[in-house]
Every structure is written in C-alpha cells, then in structure tokens.
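Have a look at the structure below before the remarks.
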Amino acid sequence: MENPNIPSLAVTKEESPSWMLGSVAKCIRTLKTFTVNRPEWTLTQLSKELSISKSTMVNILKTLESFGYIQKLPNQHYRLGIELLELSYHIRASLPILHSAIPIMEEIQRQSGQIVYLTIPKKGKAFYLQSVNPGNRNISYSITGRCTLMHCSCCGKIMLSEMSEEMVDLIIDTYGLPRFTTTTITKREALKAELQTIRDRGYAIENCEEFPNVKGVAVPICSSNRLLGSLSLTGSVLSMPDENMVQYATLLANGANLLASNEEFFPKCDPYP
C-alpha cells in the first residue's frame with residue numbers, strides 16, 4: 001500500500017518542463033526517496049521505485065556518494081550522507097524568520113514550560129521550521145525539517161482552518177485522512193466540523209491525535225493577505241490540562257502577532273499539493 005505521507009516520485013517526460021535538467025531531477029528524486037520510514041535502499045529497489053535503469057542508477061548513486069550526499073553501507077545498501085546535515089545547518093542559519101522567531105519562542109517556552117513549534121504550510125502538509133524545547137526534559141530528537149499530515153496535529157488543523165473549503169478538499173483528496181491513534185479524525189465531515197469550531201474559537205487543540213499521550217494547542221500566523229504558518233505548544237496529557245488551553249492560546253497569539261509583522265522573512269513555498 002502506498003504511504004500517504006510520501007508523494008509519488010515518478011515523473012514522466014510529458015510532465016517535465018522543457019527547462020528541467022533530467023539528470024539533476026533524477027538525483028533530487030533519488031534523495032527524496034530516503035525517509036524516516038525507509039532510510040535504506042538497495043540499487044535494485046531504487047531502480048524499480050524510480051523507474052530508472054540500473055546502469056543510470058549506478059551513476060546517480062556514485063555521483064551523490066562522491067559529494068557525500070549518499071553513503072554505501074557494507075551490506076550494499078544506501079543511506080543519506082552526513083553532508084546533507086551541513087546543508088541543513090546552512091539553510092536554517094540563513095532563514096531570516098528564525099532570527100526573529102527564536103527569541104519569541106524561547107519566551108513562550110519559558111512562560112508555558114512546554115515545547116514550542118513554528119510551522120509553515122508546505123504542499124498541503126505542516127512543515128516544522130523550528131522547535132524550542134524545555135531544558136529540563138529529555139528530548140530524544142528534534143523534528144525540525146519534518147513534514148506531517150495536517151488533519152492529526154494542532155498546527156496542521158489551525159492552518160487548514162485558514163484555507164478555503166476547496167483547498168481543504170484538495171488536501172484531503174491528495175493525502176487522505178489516515179488514522180494514527182484512536183482519536184484521529186478520519187472522516188471528511190468530522191474534520192470540516194472541527195475546522196469550523198477552530199475558526200469560531202480562534203485556536204486549535206490536539207487531543208492525542210497523532211501520538212498517544214501528546215496534547216497541543218496552536219494559533220495561526222497570518223498577514224493581511226496570506227497564511228504564513230502557525231505557532232503551537234505541545235506536551236503530555238498531564239502537563240497540558242484543558243483549563244490551561246485558553247491561557248496557552250493567548251500566549252501563542254501574542255507571539256504570532258509579532259511574527260506576522262515579519263511576513264517578508266518567511267520562506268516562500270507552495271502551501272498546496
């Protein structure tokens with residue numbers, strides 16, 4: 001069964017614009033094949049997955065390996081290379097919005113004691129630009145750079161609530177509404193009812209819909225003419241009682257208003273599939 005979190009990587013000649021360099025596109029498609037759920041591939045698997053001949057696939061992998069973007073393991077499997085981490089560092093260091101956002105997020109974290117996230121809409125998903133974690137907690141990993149489906153998180157639902165019904169339908173049609181926990185919303189009508197509640201309330205709540213025992217609250221970041229992203233808090237069920245949600249939402253809204261004044265600093269990307 002095709003993973004709804006992974007877009008199709010097949011690109012036909014008819015779909016490719018005339019200016020696109022086929023060799024570069026194949027290299028990028030190869031890199032994008034590696035995911036958290038599938039971190040290793042063999043030559044044969046990549047060739048089949050991307051509909052690229054083995055001889056061409058060998059040259060692509062050798063090229064990427066020479067730059068450190070791919071590494072070949074002793075078992076003849078391939079993984080992403082550590083040079084990509086350096087690129088990631090340069091990207092994050094050069095994003096102007098993070099210079100403005102991080103002090104705001106740190107203050108929100110200090111006052112709330114929860115994890116704070118800055119996300120943006122990216123091709124119908126929620127893309128995590130930055131997180132600020134409590135210093136007294138054991139955070140196993142950062143999810144900066146992660147893309148997640150929108151229907152199961154507070155940051156995703158708040159961004160959906162700012163979109164037109166046509167765009168919401170497009171996102172649902174593209175990715176579906178897969179279940180992650182017993183509380184995940186998996187029906188179109190139920191999600192649209194939830195989005196209306198969010199619009200009326202002004203903030204979104206996540207009730208263990210993506211991960212068990214994780215709750216969250218999010219507010220939108222909007223300029224005068226477009227959705228920029230969202231600010232959210234997440235924590236455990238015990239650390240985020242329902243009676244604190246309004247207080248958290250107010251804290252986030254104050255930060256979101258400050259960030260909205262820096263619209264030109266937000267990275268440009270297509271918010272829809």
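Worth pointing out:
- The chain - convex hull of the alpha-carbon atoms, volume per residue in Å³: 161
- Rounded to 10°, Cα long-axis angle of helix 22-33 versus longest principal axis of the chain: 50
- Stretching the chain fully between residue 169 and residue 56 yields a gain of 36.8 nm (0.36 nm per residue, less the alpha carbon separation).
- Three-way shape call for the range 165-262 based on the alpha-carbon gyration tensor, with the a/c threshold at 1.5: oblate
- Residues 222, 208, sorted by accessible area with the largest first, give 222, 208 [1.4 Å probe; ligands and nucleic acids excluded].
- Modelled this way, with points 7 Å down the Cα-to-C-beta line, the labels at residue 269 and residue 32 are 1.2 nm from one another.
- Spacing of the two label points (7 Å from each Cα toward its C-beta) at residue 25 and residue 146, in nm: 3.2
- Rounded if a/c under 1.5, otherwise prolate or oblate - the range 48-207, Cα gyration tensor axes: oblate
- In Å², nearest 10: area of residue 165 left accessible to a 1.4 Å probe: 120
- Backbone N within the range 60-75 under 20 Å of label point (7 Å from residue 16 Cα along the Cβ vector): 60-65
- With respect to the chain, whose longest principal axis is taken over its alpha-carbon atoms, helix 96-112 is tilted by about 50°.
- Springs between Cα atoms under 10 Å define the GNM used for the chain, and in it the highest mean-square fluctuation of 124, 145, 22 occurs at 22.
- Taking a ≥ b ≥ c as the square roots of the eigenvalues of the alpha carbon gyration tensor, the range 163-208 is oblate, as a/c is not under 1.5 and a/b does not beat b/c.
- 67, 127, 266, ranked by accessible area, largest first (probe 1.4 Å): 67, 127, 266
- With every protein chain in place and a 1.4 angstrom probe, the accessible-area ranking of 226, 199, largest first, reads 199, 226.
- A simple count of charges around residue 216, restricted to other residues whose Cβ falls under 12 Å of its Cβ and scoring Lys, Arg +1 and Asp, Glu -1, yields -1.
- Nearby lysines by direct alpha-carbon distance to residue 157 (threshold 19 angstrom, same-chain neighbours under 8 apart not counted): 122, 123, 125, 187, 192, 215
- Residues considered: 217, 246, 132. Largest GNM mean-square fluctuation over the chain, using C-alpha springs under 10 Å, is found at 246.
- Using alpha-carbon coordinates, inclination of helix 188-201 to the longest axis of the chain, degrees: 50
- Carbon and sulfur %, accessible surface of the chain computed with the full protein complex present, 1.4 Å: 55
- Between residue 223 and residue 199, the contour length at 0.36 nm per residue exceeds the alpha carbon distance by 7.0 nm.
- Accessible surface computed residue by residue for the chain, with neighbouring protein chains in place and a 1.4 Å probe, gives 54 Å² per residue.
- To the nearest 10, the accessible area of residue 36 is 140 Å² with a 1.4 Å probe.
- Accessible surface for residue 243 stands near 140 Å², nearest 10, in the context of the full protein assembly shown (1.4 Å probe).
The values are calculated or read from the model by the stated rules, or taken from the named source; none is laboratory data. Not measured: the values here are computed from a predicted model. With ideal geometry, Cβ positions are generated from the backbone for all residues, glycine too; neighbour counts draw on all protein chains shown. Side chains included, ligands, DNA and RNA excluded: accessible areas come from the protein's heavy atoms. Shrake-Rupley method; radii C 1.70, N 1.55, O 1.52, S 1.80 Å.
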